[in-house]
Every structure is written in structure tokens, then in C-alpha cells.
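Written below as C-alpha cells is the structure these notes are about.
The values are calculated or read from the model by the stated rules, or taken from the named source; none is laboratory data. As the structure is a prediction and not an experimental result, all values here were calculated from the model. Cβ coordinates were reconstructed from backbone atoms using ideal geometry, including for glycine residues, and neighbour counts include every protein chain displayed.
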Amino acid sequence: MPWGLTRFQHSGQSHFVTLCCYHRRLLLASDASRRVFESALERVRRSFRLQVYGYAVMPEHVHLLLSEPQRDTLADALKSLKQGVSRRLIAKTGGPLKPGLGLSGEQHFWQKRYYDLNIRDYPQFVEKLRYIHRNPVKAGLCERPEDWEWSSFRHYATGGEGRVEIESEWTARKRERAAGTLCPAVELPHSSQRKA
């Protein structure tokens with residue numbers, strides 16, 4: 001870690017994290033490589049028991065909005081995520097990355113460091129979630145956030161399930177329904193239905 005830089009983990013706060021591909025190479029440009037990333041993120045979410053609030057997989061970097069894990073540290077979870085992705089994508093044979101990208105087992109997939117910002121309040125949380133979902137549009141990869149398949153935006157827009165479980169109001173209601181603790185919808189009488 002660079003001199004003077006302190007990471008604030010075990011703070012109970014959410015974290016906005018950016019992981020960059022080595023030298024900003026377009027190593028996550030294919031659908032297959034993005035699927036590998038999403039599978040690895042879901043594996044890490046389950047094994048480290050952390051909550052994923054939002055994400056976007058870009059061709060050369062990834063944005064994540066995460067809780068702190070219940071098991072180990074955020075640094076351990078991110079290390080496992082990065083190692084899992086790189087091991088699958090820099091396979092000696094048959095990995096989704098083509099030799100033309102100049103990668104082999106001896107080369108790096110990720111930058112060594114990652115950007116981590118502690119989220120201190122709800123407005124900052126919403127700001128970072130919007131930033132994550134708008135990033136593919138800003139980068140010219142799509143016209144609208146809902147057009148980018150490789151983010152959590154569609155979950156927030158529709159409640160649909162994707163490859164990664166997103167912690168949201170939709171997910172909380174689904175759990176409540178499954179447990180039978182969700183209050184049934186109450187129909188409120190409309191003013192036109194009142195009897196005189």
C-alpha cells in the first residue's frame with residue numbers, strides 16, 4: 001500500500017470500488033469475459049457474505065457498490081474476486097481471451113491496486129449508484145442505462161433477477177414473500193367508492 005494511504009474497513013459503511021484491467025487493456029470487452037466476471041462476483045458475494053448494491057462491467061474496468069463482508073475483509077473478498085476472474089480468463093488453453101491480446105499465464109490481468117471510497121451517507125450512496133449505472137452511457141457503449149446488460153440497472157428498473165444477486169427493495173420483498181412475513185396488499189377505498 002502506498003505510504004500514507006489508509007483503508008477504512010470494518011467501518012460498517014458501504015464501499016464504492018473500482019477495479020481496472022492492467023494498463024487499461026480491454027480485457028472485459030467480450031460477453032464471455034463479462035459473464036465470467038459476473039459469475040465470480042456472485043461466488044464472492046456468497047462465500048464472503050457481502051451485499052452487492054450495484055455494479056457495471058466496462059471493457060477495461062469495473063465499478064462496484066458493496067457492503068463490507070461478514071467473513072474476512074473487503075480486501076480479501078476483492079483479492080478472491082480478481083484472482084478468480086484472472087484464473088478463468090488467462091487459462092493456459094481455452095479461456096475466453098484470445099492470444100492476440102498479448103496475455104499469458106505470466107502476465108497481469110488486473111492493476112495491483114483498486115480504488116475504494118467509503119460511502120458515508122445515503123445521498124452519496126445514490127450518487128455513486130447513479131454514476132455506476134450511467135457509466136456505460138457516458139462511455140458511448142449504449143444510449144440508455146437499461147440497454148447495458150452488464151450492470152445492475154435492469155434489476156433496479158424491473159426487479160428482474162440477473163447473474164448477481166443485488167441487495168435492494170426488490171430483493172428484500174422477495175425474501176419477505178418467501179418467508180411469509182410480507183404483509184398482504186391492502187386495497188384502500190377510492191373516494192369515488194364511498195357510499196353516501
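The table for this structure:
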quantity: Of residues in the stretch 1-20 being within 27 Å of residue 49 (Cβ to Cβ) and of a type in the set (A, V, I, L, M, F, W, C), the one modelled with the lowest pLDDT; calculated: 1
quantity: Output for the stretch 83-131, where each listed residue is farther than 16 Å from residue 32 by Cα, of a type in the set (Lys, Arg) and modelled with pLDDT of 90 or more; calculated: 120, 128, 130
quantity: So residue 78, is it touching an Asp or Glu at 6+ places or on another chain (Cβ under 9 Å), more than 14 Å from residue 12 (Cα to Cα) and not hydroxyl-bearing (Ser, Thr, Tyr); calculated: yes
quantity: Given (1) surrounded by 14 or more Cβ atoms within 10 Å (Cβ to Cβ); (2) in a helix (DSSP H, G or I); (3) modelled with pLDDT under 95, index of the condition residue 134 fails; calculated: (3)
quantity: Members of the stretch 65-80 that are closer than 22 Å to residue 154 by Cβ and touching a residue at least 60 places away in the same chain (Cβ under 8 Å); calculated: 65, 67
quantity: Long-range neighbours under 7 Å by Cβ, at least six apart or interchain, first residue among the aliphatic types (A, V, I, L, M) within the stretch 126-147, second in a helix (DSSP H, G or I); calculated: 137/145
